[in-house]
1. Using a basic spin-label model with each label point 7 Å from the Cα along Cα→Cβ, how many nm lie between residue 89 and residue 179?
2. Please work out the FRET efficiency for the pair residue 58 and residue 162, using the Cβ-Cβ distance as r and a Förster radius of 41 Å; give the result to the nearest 0.05.
3. Among 206-214, 87-95, what's the highest-first ranking by average C-beta atoms within 10 angstrom per residue?
4. Loop only by DSSP, 11 or fewer other Cβ within 10 Å of the Cβ. Give me the trypsin sites (Lys or Arg not before Pro) in the range 52-89 that pass, ordered by residue number.
5. Given a cut-off of 20 Å, what percent of all Cα-Cα pairs of the range 145-236 lie beyond it?
6. Could you give the accessible area per residue of the range 127-244, probe 1.4 Å, as a whole number in Å²?
7. Carbon and sulfur together cover what percent of the accessible area of the range 145-236 at a 1.4 Å probe radius?
8. Could you pull out which residues in the range 113-154 have an amide N less than 15 Å from a spot 7 Å beyond the Cα of residue 102, following the Cα-Cβ vector?
Amino acid sequence: MIPNQLHVPGIQFFKLKPYQHRQRERHSSGYHGTMTNNGEVYLHKHYYTMIKVSNAWRIGFKNVLNVPVDVMMQFSIHDKYGQLETFTQGYNNLRPTEPAEIFFDVQDKKLKIMLDMVEVYANGYLHTATEVKQFMPPQPWAVKSWVVALVMAIVSAAALTDPHPMNFISISLPFLALAMTGAGFLHRTPVMLMLIFLSLVPFSSHSLEIKTTIGVMGLGYLYWVWKKRHSIKDFLMGSATPLR
C-alpha cells in the first residue's frame, strides 16, 4: 500500500511507514532483605528493565477541506485463519491543511493489519465513508545485523595476517565485531558499540583499503538497523525482548 494510492475524499495521505516500536518497561522483581549487625532487617524492592519490541505502523495525513474534520480509521487484525478482532484509530478537530499522524503496534509479528474503512466527519456530520480493505505494508526487509557484524569480524581478523606491525586497536577490532555478532544472536543490536567500533577504525594500523572496507560495512550495519526504526531513541536502544 502506497500513501498516494489511498484516495479518501477530504484527507490526503503522505506517510505510511512500518517500523519496529521499542518500549522500555520497568518491572518489580520482589523484595530482598538485608540484616544489620544489630539484628535489624531492611527490605528493598528490586526492579528489572525490559525492552519490548512490536511491529508498528505510522500513518500521516492532512486535511484538504476548508473546514475542520474528525478522521476515524477502522482496522482489523488477521492471522492465517482469518479475522480476529477490530479496532479504531482517530484524530479529532484536524484543521484545514494541518498534518497529523497516528500510530499503532501489534506484539505478535505473525499478525497482519488491514485498513478497512476511513470515515471523515465535518461539522458534526459524516462527510465521506471510504472502504479501503487493504493490508498495511509489511516490515521493511533488512540484512540481519549479526550477519554484517560477522563479516566485519572475518575481514578485520583476516587483515591481521598482513606482514606489517599491528597496534592494539587493530587486534581489538575482530573481538569487538564478534561481540556484536554474539549480541545479534541474543536479539540485541548494540548500536553504541558499533559507533565506538567505527570511531576506532581510523586509528588502526590497517591499510586504507581495509579501513574503508570495514567502515563501509559498519555504516551498512547502521543503515539496516535504522531501516527498522522510527526515531533516534529507538535506534540507540540496543537490547530487546524478541518477538513471538
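The values are calculated or read from the model by the stated rules, or taken from the named source; none is laboratory data. Values in this document were obtained by computation on a predicted structure and should not be read as measured data. We place every Cβ from the backbone using ideal geometry, glycine too, and count neighbours over all the protein chains shown. Ligands, DNA and RNA are excluded from the accessible area calculation, which covers all protein heavy atoms including side chains. Shrake-Rupley method; radii C 1.70, N 1.55, O 1.52, S 1.80 Å.
1. With each label placed 7 Å out from Cα toward Cβ, I get 3.8 nm.
2. Efficiency at R0 = 41 Å is approximately 0.30.
3. 206-214, 87-95
4. Filter output for the range 52-89: 80.
5. Distances greater than 20 Å cover 30 percent of the Cα pairs.
6. 54 Å²
7. 78 percent
8. Label zone hits: 113-122, 127-134, 136.
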